[in-house]
């Protein structure tokens, strides 16, 4: 956002400064979070109350992946900088390369080298390191964005303060989302056992296909909005918003139809066991009703971010996601069982979409 708005204002010096500071802050945060997760791996995994062999494997996996956090955080920062500059194809190709590498290394390390869970972790570690290395090569050797800029600098108050003003609400949003997911996983395990936990995890990954697709449109909208908002071209912003809404709505409708009517079939492609894909089909059917609302939330989120207003999405997400916990427990205890947990997720997603749309519609009249 800060880089995009600097580009829109045709201030290349600020674009360089924000890019350097984003990378520096990303590295600092990655080292802090990586250290915490490495040290606290046992109590974090213990929260799930898994069987001891499974818990030990999970701890090993978490510690290996935590050591790759600098690569992961820096790659995310590199992606954001390229997206802000309107060069989203570059992160797509680089991240795609990392994904393909991970797909090749996973069976090699897990089955070929018999490393098990640790093999999956090391495959992720190597893939993330390669992705980060490709970004460095791209910026240093192929395309010196903004005429070139240092990756790491001594932090200056002006840039740092602005980055934290924009980034802290987003960081809190994602942190709370992860914490709430821990509680939801615990609740799913309580009412659905290992099948419930598996359904939430695998189902969430399938939902993420739709989520990440719409997130791509939202990211493009955010970058476009940031540049045009700084350049005071407000009519272009509204046109882009309405166009993006139409595109993401189509995705939402297609996902709703797929999940509601073919949920079990979709789930069986990932988990072929009958008990698992039947349970997964129920999750996808219930979650499918909220797809169009999720698209609405994510698209509107891109508008909020592009105009430099990151607090409203954080308030909406944190409050509605927090509501999932008592709602899930209440519905499950009322007799719905594990399906009550799924309805809590779906209903809260619907609420987020409605509130985000109304909030931005009110704000739009003031700023556009």
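The values are calculated or read from the model by the stated rules, or taken from the named source; none is laboratory data. This is a predicted model, so every value here is computed, not measured. Note that each Cβ is placed from the backbone with ideal geometry, even for glycine, and that neighbours are counted across all protein chains shown.
Right, residue 69: buried (at least 17 other Cβ atoms within 10 Å of the Cβ), without any contact (Cβ under 8 Å) to a residue 40 or more places away in the chain and either assigned by TED's automatic domain parsing to the domain that holds residue 223 or out of contact with any strand residue (DSSP E or B) (no Cβ under 6 Å at 6 or more places or on another chain) (or both) or not? When the stated conditions are applied, residue 69 passes them. Of 38, 78, which residue is farther than 26 Å from residue 159 by Cα and in a helix (DSSP H, G or I)? Testing whether each residue is farther than 26 Å from residue 159 by Cα and in a helix (DSSP H, G or I) leaves just 38.
Of the residues making up the stretch 107-155, those that are surrounded by fewer than 19 Cβ atoms within 10 Å (Cβ to Cβ) and not in a helix (DSSP H, G or I) are 113, 114, 115, 143, 144, 148, 150, 151, 152, 153, 154, 155.
Only one of the listed residues (331, 363, 327) is more than 20 Å from the chain's Cα centre (by Cα) and at pLDDT below 95. That residue is 363. Is it fair to say residue 51 is free of Cβ contacts under 8 Å to residues at least 60 places away in the same chain, farther than 21 Å from residue 142 by Cβ and out of contact with any strand residue (DSSP E or B) (no Cβ under 6 Å at 6 or more places or on another chain)? It is true that residue 51 is free of Cβ contacts under 8 Å to residues at least 60 places away in the same chain, farther than 21 Å from residue 142 by Cβ and out of contact with any strand residue (DSSP E or B) (no Cβ under 6 Å at 6 or more places or on another chain). If you scan the stretch 81-94, which residues turn out to be over 15 Å from residue 144 (Cα atoms) and either in contact with a strand residue (DSSP E or B) (Cβ under 8 Å, 6 or more places away or on another chain) or outside any helix (DSSP H, G or I) (or both)? Result: 88, single match.
Each row is one residue, and each column tells you yes or no for (1) in contact with a helix residue (DSSP H, G or I) (Cβ under 9 Å, 6 or more places away or on another chain); (2) surrounded by 14 or more Cβ atoms within 10 Å (Cβ to Cβ).
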site	(1), (2)
23	yes, yes
27	yes, yes
35	yes, no
48	yes, yes
53	no, no
58	yes, yes
62	yes, yes
65	yes, yes
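Figure legend. Inter-residue proximity from the stretch 27-42: first residues under 18 Å from residue 174 (Cα atoms), second residues at pLDDT below 95 and assigned to a helix (DSSP H, G or I), beta-carbon distance below 8 Å, spacing 6+ or different chains. Indicated pairs: 37/44. Considering the conditions (1) closer than 27 Å to residue 91 by Cβ; (2) over 14 Å from the mean Cα position of the chain (by Cα); (3) surrounded by fewer than 20 Cβ atoms within 10 Å (Cβ to Cβ), residue 177 is excluded by exactly one of them, (2). Counting the residues of the stretch 218-246 that are outside any helix (DSSP H, G or I) and touching a helix residue (DSSP H, G or I) at 6+ places or on another chain (Cβ under 8 Å) gives 1.
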